[in-house]
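As C-alpha coordinates, the structure follows; a few thoughts come after it.
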Amino acid sequence: MQNKIFSKIYGWMFIGLLISFITGYYVSTNTNMLYNIFSTNMYWLLIIIEIIVVIWLSAGIKKMNIITAKTLYVLYSILTGLTLSTIFIAFKMSSIIFVFGITSIMFAIMSLIGTITKIDLTKLGTILFMGLIGIIIASLINIFIGSQVFDLGITIIGIIIFTLYIAYDVQKIKYIATNLDEDKAAIICAFELYLDFINLFIKLLRLFGKSKD
(Lines give C-alpha, C1' and ligand atoms only; values in the text may rest on other atoms or scores of the structure.)
Protein backbone atom coordinates (compact mmCIF):
# COMPACT_ATOMS: atom_id res chain seq x y z
CA MET A 1 0.00 0.00 0.00
CA GLN A 2 2.78 2.43 0.98
CA ASN A 3 4.82 1.64 -2.13
CA LYS A 4 1.75 2.21 -4.28
CA ILE A 5 1.03 5.70 -2.96
CA PHE A 6 4.71 6.67 -3.11
CA SER A 7 4.84 5.66 -6.77
CA LYS A 8 1.77 7.83 -7.45
CA ILE A 9 3.24 10.77 -5.56
CA TYR A 10 6.58 10.72 -7.36
CA GLY A 11 4.81 10.06 -10.65
CA TRP A 12 2.68 13.20 -10.27
CA MET A 13 5.68 15.17 -9.07
CA PHE A 14 7.61 14.17 -12.21
CA ILE A 15 4.63 15.17 -14.38
CA GLY A 16 4.50 18.59 -12.70
CA LEU A 17 8.22 19.19 -13.18
CA LEU A 18 8.06 18.06 -16.80
CA ILE A 19 5.14 20.42 -17.52
CA SER A 20 6.95 23.34 -15.88
CA PHE A 21 10.25 22.85 -17.71
CA ILE A 22 8.62 22.26 -21.10
CA THR A 23 6.43 25.34 -20.62
CA GLY A 24 9.37 27.44 -19.47
CA TYR A 25 11.57 26.39 -22.37
CA TYR A 26 8.81 26.96 -24.93
CA VAL A 27 8.07 30.46 -23.60
CA SER A 28 11.80 31.31 -23.59
CA THR A 29 11.86 30.70 -27.36
CA ASN A 30 8.80 32.89 -28.00
CA THR A 31 9.66 36.60 -28.01
CA ASN A 32 6.03 37.75 -28.04
CA MET A 33 5.10 35.64 -25.03
CA LEU A 34 8.16 36.85 -23.11
CA TYR A 35 7.25 40.45 -23.84
CA ASN A 36 3.61 39.98 -22.83
CA ILE A 37 4.57 38.33 -19.55
CA PHE A 38 7.54 40.39 -18.37
CA SER A 39 6.96 43.80 -19.98
CA THR A 40 3.40 44.16 -18.71
CA ASN A 41 1.53 43.56 -15.46
CA MET A 42 0.84 39.97 -16.51
CA TYR A 43 3.82 38.66 -14.53
CA TRP A 44 2.37 39.92 -11.25
CA LEU A 45 -1.05 38.61 -12.25
CA LEU A 46 0.48 35.17 -12.75
CA ILE A 47 2.14 35.38 -9.32
CA ILE A 48 -1.20 36.28 -7.70
CA ILE A 49 -2.93 33.38 -9.47
CA GLU A 50 -0.15 31.03 -8.31
CA ILE A 51 -0.73 32.11 -4.70
CA ILE A 52 -4.48 31.61 -5.07
CA VAL A 53 -3.98 28.12 -6.52
CA VAL A 54 -1.60 27.17 -3.66
CA ILE A 55 -4.12 28.28 -1.02
CA TRP A 56 -7.07 26.73 -2.85
CA LEU A 57 -5.40 23.36 -3.36
CA SER A 58 -3.79 23.17 0.08
CA ALA A 59 -6.81 24.31 2.07
CA GLY A 60 -9.55 22.71 -0.01
CA ILE A 61 -8.10 19.32 -0.94
CA LYS A 62 -10.40 17.42 1.46
CA LYS A 63 -13.61 18.79 -0.04
CA MET A 64 -12.73 19.10 -3.74
CA ASN A 65 -13.10 16.24 -6.19
CA ILE A 66 -10.03 14.57 -7.61
CA ILE A 67 -10.49 16.09 -11.09
CA THR A 68 -10.39 19.60 -9.64
CA ALA A 69 -7.30 18.73 -7.60
CA LYS A 70 -5.47 17.36 -10.64
CA THR A 71 -6.51 20.35 -12.75
CA LEU A 72 -5.21 22.84 -10.15
CA TYR A 73 -1.94 20.92 -9.89
CA VAL A 74 -1.41 20.97 -13.65
CA LEU A 75 -2.43 24.65 -13.79
CA TYR A 76 0.11 25.53 -11.13
CA SER A 77 2.82 23.61 -13.00
CA ILE A 78 2.06 25.61 -16.15
CA LEU A 79 2.04 28.93 -14.27
CA THR A 80 5.39 28.09 -12.69
CA GLY A 81 6.79 27.30 -16.13
CA LEU A 82 5.63 30.69 -17.38
CA THR A 83 7.24 32.61 -14.54
CA LEU A 84 10.48 30.62 -14.65
CA SER A 85 10.95 30.88 -18.40
CA THR A 86 13.65 33.51 -17.93
CA ILE A 87 16.09 30.95 -16.49
CA PHE A 88 16.49 29.52 -19.99
CA ILE A 89 17.50 32.98 -21.20
CA ALA A 90 19.69 33.94 -18.25
CA PHE A 91 21.55 30.65 -17.73
CA LYS A 92 23.40 28.23 -19.98
CA MET A 93 21.43 25.05 -20.73
CA SER A 94 24.37 22.92 -19.58
CA SER A 95 24.32 24.78 -16.27
CA ILE A 96 20.54 24.29 -15.87
CA ILE A 97 20.90 20.56 -16.51
CA PHE A 98 23.83 20.33 -14.08
CA VAL A 99 21.95 22.09 -11.29
CA PHE A 100 18.85 20.02 -12.02
CA GLY A 101 21.00 16.92 -11.54
CA ILE A 102 22.37 18.22 -8.22
CA THR A 103 18.84 19.04 -7.07
CA SER A 104 17.65 15.56 -8.02
CA ILE A 105 20.45 13.91 -6.04
CA MET A 106 19.80 16.07 -2.98
CA PHE A 107 16.08 15.42 -3.30
CA ALA A 108 16.63 11.64 -3.49
CA ILE A 109 18.91 11.66 -0.42
CA MET A 110 16.55 13.74 1.70
CA SER A 111 13.55 11.69 0.54
CA LEU A 112 15.33 8.55 1.71
CA ILE A 113 16.13 10.17 5.04
CA GLY A 114 12.51 11.25 5.46
CA THR A 115 11.35 7.72 4.69
CA ILE A 116 13.67 5.70 6.93
CA THR A 117 14.48 8.03 9.83
CA LYS A 118 12.98 7.23 13.23
CA ILE A 119 13.29 10.86 14.31
CA ASP A 120 10.00 12.74 14.46
CA LEU A 121 10.49 15.57 11.96
CA THR A 122 7.07 17.13 12.59
CA LYS A 123 8.73 19.24 15.28
CA LEU A 124 10.61 21.02 12.50
CA GLY A 125 7.40 22.24 10.88
CA THR A 126 7.07 25.52 12.79
CA ILE A 127 10.80 26.28 12.53
CA LEU A 128 10.87 25.66 8.78
CA PHE A 129 7.71 27.73 8.22
CA MET A 130 9.11 30.67 10.19
CA GLY A 131 12.35 30.34 8.22
CA LEU A 132 10.38 30.40 4.97
CA ILE A 133 8.52 33.55 6.05
CA GLY A 134 11.86 35.09 7.00
CA ILE A 135 13.28 34.35 3.55
CA ILE A 136 10.28 35.94 1.85
CA ILE A 137 10.53 39.09 4.00
CA ALA A 138 14.30 39.30 3.55
CA SER A 139 13.94 38.89 -0.23
CA LEU A 140 11.43 41.74 -0.37
CA ILE A 141 13.73 43.96 1.69
CA ASN A 142 16.67 43.14 -0.58
CA ILE A 143 14.70 44.34 -3.60
CA PHE A 144 15.21 47.85 -2.22
CA ILE A 145 18.68 47.28 -0.73
CA GLY A 146 20.16 45.38 -3.67
CA SER A 147 22.94 43.80 -1.59
CA GLN A 148 24.73 40.85 -3.22
CA VAL A 149 26.08 39.66 0.15
CA PHE A 150 22.56 39.77 1.63
CA ASP A 151 21.23 37.91 -1.41
CA LEU A 152 23.92 35.23 -1.02
CA GLY A 153 22.95 34.75 2.61
CA ILE A 154 19.27 34.43 1.70
CA THR A 155 20.14 31.88 -0.98
CA ILE A 156 22.22 29.70 1.33
CA ILE A 157 19.61 29.77 4.09
CA GLY A 158 16.95 28.97 1.49
CA ILE A 159 18.90 25.91 0.33
CA ILE A 160 19.09 24.65 3.92
CA ILE A 161 15.38 25.23 4.57
CA PHE A 162 14.09 23.60 1.38
CA THR A 163 16.49 20.68 1.78
CA LEU A 164 15.07 20.00 5.25
CA TYR A 165 11.54 20.56 3.95
CA ILE A 166 11.96 17.57 1.61
CA ALA A 167 12.59 15.12 4.47
CA TYR A 168 9.85 16.78 6.53
CA ASP A 169 7.24 16.53 3.75
CA VAL A 170 8.19 12.95 2.86
CA GLN A 171 7.71 11.89 6.48
CA LYS A 172 4.29 13.62 6.48
CA ILE A 173 3.06 11.40 3.64
CA LYS A 174 2.02 8.53 5.89
CA TYR A 175 -0.01 10.92 8.07
CA ILE A 176 -1.68 12.59 5.09
CA ALA A 177 -2.49 9.20 3.56
CA THR A 178 -4.51 8.23 6.64
CA ASN A 179 -6.72 11.33 6.38
CA LEU A 180 -7.31 11.42 2.61
CA ASP A 181 -8.15 8.88 -0.05
CA GLU A 182 -5.16 7.63 -1.99
CA ASP A 183 -5.61 9.76 -5.12
CA LYS A 184 -6.07 13.03 -3.21
CA ALA A 185 -3.18 12.21 -0.90
CA ALA A 186 -0.98 11.54 -3.94
CA ILE A 187 -1.83 14.92 -5.50
CA ILE A 188 -1.34 17.06 -2.39
CA CYS A 189 1.87 15.26 -1.40
CA ALA A 190 3.22 15.51 -4.96
CA PHE A 191 2.36 19.21 -4.92
CA GLU A 192 4.28 19.82 -1.69
CA LEU A 193 7.33 17.89 -2.91
CA TYR A 194 7.11 19.66 -6.27
CA LEU A 195 7.30 23.02 -4.45
CA ASP A 196 10.28 21.79 -2.41
CA PHE A 197 12.10 20.65 -5.56
CA ILE A 198 11.42 23.80 -7.57
CA ASN A 199 12.45 26.14 -4.75
CA LEU A 200 15.61 24.15 -4.03
CA PHE A 201 16.44 24.11 -7.75
CA ILE A 202 16.03 27.89 -8.02
CA LYS A 203 18.23 28.54 -4.98
CA LEU A 204 20.95 26.19 -6.24
CA LEU A 205 20.77 27.76 -9.69
CA ARG A 206 21.29 31.20 -8.18
CA LEU A 207 24.34 29.87 -6.34
CA PHE A 208 25.93 27.60 -8.94
CA GLY A 209 24.31 28.55 -12.25
CA LYS A 210 26.48 29.96 -15.01
CA SER A 211 24.94 32.87 -16.88
CA LYS A 212 25.09 33.23 -20.62
CA ASP A 213 27.76 35.54 -22.00
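The values are calculated or read from the model by the stated rules, or taken from the named source; none is laboratory data. Computed from a prediction, not measured in an experiment: that's the story for all the values here. Here the Cβ is made from the backbone with ideal geometry for all residues, glycine too, and neighbour counts use every protein chain on show. Surface accessibility is based on the protein's heavy atoms, side chains included, excluding ligands, DNA and RNA. Shrake-Rupley method; radii C 1.70, N 1.55, O 1.52, S 1.80 Å.
Numbers at a glance
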| item | result |
| --- | --- |
| Pair list, Cβ < 6 Å and 6+ apart or interchain, from region 138-156 residues that are acidic (Asp, Glu) to residues that are part of a helix (DSSP H, G or I) and open to solvent by less than 80 Å² (accessible area, probe 1.4 Å) | Asp151/Asn142 |
| Matching residues in region 113-135 - criterion: being surrounded by 14 or more Cβ atoms within 10 Å (Cβ to Cβ) and touching a residue at least 24 places away in the same chain (Cβ under 8 Å) | Ile113, Gly114, Thr115, Leu121, Leu124, Leu128, Gly131, Leu132, Ile135 |
| Single condition Ser39 does not satisfy, out of (1) open to solvent by less than 40 Å² (accessible area, probe 1.4 Å); (2) among the small types (Gly, Ala, Ser); (3) over 20 Å from Ile176 (Cβ atoms) | (1) |
| Spans of helices (runs of 4 or more DSSP H) in region 1-88 with at least 1 residues within 24 Å of Ala167 (Cβ to Cβ), touching a residue at least 12 places away in the same chain (Cβ under 8 Å) and under 17 Å from the mean Cα position of the chain (by Cα) | 2-28, 42-60, 66-83 |
| Number of the exception - Lys203 against (1) among the charged types (D, E, K, R); (2) farther than 28 Å from Gly60 by Cβ; (3) surrounded by fewer than 22 Cβ atoms within 10 Å (Cβ to Cβ) | (3) |
| Of all residues making up region 161-177, the number that are open to solvent by 50 Å² or more (accessible area, probe 1.4 Å) and under 14 Å from the mean Cα position of the chain (by Cα) | 1 |
| Residue among Ser77, Ser85, Ser58 that is within 21 Å of Lys184 (Cβ to Cβ) and in contact with a Gly (Cβ under 7 Å, 6 or more places away or on another chain) | Ser77 |
| Filter result for Phe91 (farther than 23 Å from Ile166 by Cα, touching a residue at least 40 places away in the same chain (Cβ under 8 Å) and aromatic (Phe, Trp, Tyr)) | yes |
| Checklist (1) more than 18 Å from Tyr76 (Cα to Cα); (2) open to solvent by 40 Å² or more (accessible area, probe 1.4 Å) applied to Gly153, failing item | (2) |
| Region 178-200, residues that are open to solvent by 30 Å² or more (accessible area, probe 1.4 Å) and under 24 Å from Gly101 (Cα atoms) | Glu192, Leu195, Asn199 |
